[in-house]
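The values are calculated or read from the model by the stated rules, or taken from the named source; none is laboratory data. These figures come from a predicted structure and were not determined experimentally. Counting neighbours? That spans all protein chains shown, and the Cβs are built from the backbone with ideal geometry, glycine included.
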Amino acid sequence: MGWPRATAPAWPVYAGVVGLSAAAVTSYALTGPGARTVVFALVTTVPVIVYLLALSARHLTDRLPWLIATTGMALLSLATLRWPDWISGHHLGRAEGAAADLSIASAHLLFLIGTGIGLRRHGRKDPGGLIDAALIGLCAAGPLWEWLIRPNVVPDATLLGKTLLLSDLLLLSAVVGCLIRIGVTAPKARGPVAFLMAAGILTMAAELVAVLTVHGSHVWTAQLMMLAYLCVAAGPALPTGPHITQPGPGPATVGHPPLGWLGAALCANPMIAAVQAAQGDRPASVVLPVATMLVVPVVVLRLRLLSAQRARAARTLAYQAHHDGLTGLYNRRHIVDRIDEEISALGDGPLAEVTLLLCDLDGFKPVNDRMGHQAGDIVLQEVARRLTAAVREQDLVGRIGGDEFLILLRGEYPGGGTTVADRITESLRAPIEVAGTPVRVGVSIGTAVARAGAVVDREALIGRADAAMYEVKAQRRLTATAA
């Protein structure tokens, strides 16, 4: 079965979600207990069916995360069939920690694991932004739990049941935060991500309503859960569904939240606990400090990431300060500094002499004018590669501007600088291919040598190499004229 391309209109999916949502919500509200169980069970199978169809049609090419998510939703459907009164009997809102709660929480966790694996590529592009979003989401769950859920949990709720409920709330809050971030930084994935985000929010709303209405009607809880399941199915069903796991090229362009917001988020839970302790009207909750402690590893991860980013930035700046951006060779500043160091060290160390080779390309300007600057850049990069291959590892090659290169030979060289100059001249005789067209450039090389005991400075040495290079050019012009 074919699946609409990414450029296909998305309105059929939106229309399907609206139609199924209206049908499910209405039928659940108007039918009796037996029919409601059937309606709810059928809705839980919709994501499983949609995912399997999308996988078989190769619409979802990143198979592993979707298979894990499908398994989680399938387990959820089976758990619904095994415990059909999980919602209608208010077991969710009572936080009993029974086998049904454990099974359904495990199914939710398996689905979220699949979703997390699917979103891992977004994390590679924007790890800091996702960690920030997850932190804010985790910390936002604390007030929701403490102000709305915990005061209304029935007295006979078990510790395991409350732990499962809180864990689900924390995990969903973190995932929703990450999805919001991905929706901002990945425009092509906004449609499917919005559905997944809505599913997370609807699930948290269903859990809240289940606690608040534990002594009343369960209909709203069931309706919110069904809407969440339909949103889970809709995201990957969109033509742009594959972008959930396949972010587009290019880095994230949105800045991270200010540190003040992160600090405020981290302080929210301890502040609420402190206010409760100061009021003394009821025991302070241990959940908020524990939840904050759970955030600490995430904060440490964020700090480690910041440290790694700073180290990479420092290495990049250090490289850029000493290298030519086009060719990767040393730049003028670095090469002349090294010449000064080598001249100063002559006679004091193992070096007995240093040799400079000043290379100026012949015929490069016509190539640049005729084929464009991009072609000229390709020629310069290939020349840089051949120059580097022509010298020893201990020697230095730099680009000092335009089509001029400077080579520093450290120590004595068999045959002297002339041998290296001949090798370079020979290597540049081979044509350079640019966009399928062979291009030829020549080179004029001037050499200058400084030996131990000689009084010479860098400018004088470069000047001698420059003069020798122009002599080579002049000699070639005379030879060409005579011919």
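Residues in the stretch 170-184 that are more than 10 Å from LEU138 (Cα to Cα) and surrounded by fewer than 24 Cβ atoms within 10 Å (Cβ to Cβ): 3 in all.
Between THR70, THR80, THR45, the distinction of being under 29 Å from the mean Cα position of the chain (by Cα) and buried (at least 16 other Cβ atoms within 10 Å of the Cβ) belongs to THR70 only. As a summary of the residue check, VAL439 satisfies the conditions (1) under 19 Å from GLU342 (Cβ atoms); (2) surrounded by 13 or more Cβ atoms within 10 Å (Cβ to Cβ) except for the one numbered (1).
Quick grid of which residues meet (1) of a type in the set (S, T, N, Q); (2) more than 14 Å from ALA465 (Cβ to Cβ); (3) in contact (Cβ under 8 Å) with a residue 12 or more places away in the chain:
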{"residue": "LEU358", "(1), (2), (3)": "no, no, yes"}
{"residue": "GLY372", "(1), (2), (3)": "no, yes, no"}
{"residue": "ILE378", "(1), (2), (3)": "no, yes, yes"}
{"residue": "LEU387", "(1), (2), (3)": "no, yes, yes"}
{"residue": "ALA390", "(1), (2), (3)": "no, yes, yes"}
{"residue": "LEU406", "(1), (2), (3)": "no, no, yes"}
{"residue": "THR425", "(1), (2), (3)": "yes, yes, yes"}
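Can we say ASP132 is among the acidic types (Asp, Glu), touching a residue at least 24 places away in the same chain (Cβ under 8 Å) and within 24 Å of PRO297 (Cα to Cα)? Taking the combined requirement at face value, the residue satisfies it. Taking the condition of being farther than 24 Å from THR26 by Cβ and not aliphatic (A, V, I, L, M), how many residues in the stretch 201-240 meet it? Of the residues in that region, 4 qualify. Within the stretch 55-105, the set of residues being closer than 29 Å to THR240 by Cα and not hydrophobic (A, V, I, L, M, F, W, C) comprises SER56, ARG58, HIS59, THR61, ASP62, ARG63, PRO65, THR70, THR71, GLY72, SER77. Checking each residue in the stretch 1-39 for being surrounded by fewer than 16 Cβ atoms within 10 Å (Cβ to Cβ) and either among the charged types (D, E, K, R) or not in a helix (DSSP H, G or I) (or both) picks out MET1, GLY2, ARG5, ALA6, THR7, ALA8, PRO9, THR31, GLY32.
Limited to the stretch 196-240, what total is found for residues that are assigned to a helix (DSSP H, G or I) and either hydrophobic (A, V, I, L, M, F, W, C) or not assigned by TED's automatic domain parsing to the domain that holds ALA74 (or both)? Residues in the stretch 196-240 being assigned to a helix (DSSP H, G or I) and either hydrophobic (A, V, I, L, M, F, W, C) or not assigned by TED's automatic domain parsing to the domain that holds ALA74 (or both): 28 in total.
Being within 28 Å of HIS323 (Cβ to Cβ), charged (D, E, K, R), under 45 Å from the mean Cα position of the chain (by Cα) and buried (at least 16 other Cβ atoms within 10 Å of the Cβ) is a property that does not hold for ASP466.
Just wondering, is there one or more residues in the stretch 134-142 that are touching a Lys or Arg at 6+ places or on another chain (Cβ under 9 Å) and surrounded by 20 or more Cβ atoms within 10 Å (Cβ to Cβ)? Yes, some residue in the stretch 134-142 is touching a Lys or Arg at 6+ places or on another chain (Cβ under 9 Å) and surrounded by 20 or more Cβ atoms within 10 Å (Cβ to Cβ).
When residues in the stretch 40-61 are screened for being more than 17 Å from VAL232 (Cα to Cα) and touching a helix residue (DSSP H, G or I) at 6+ places or on another chain (Cβ under 9 Å), 1 of them pass.
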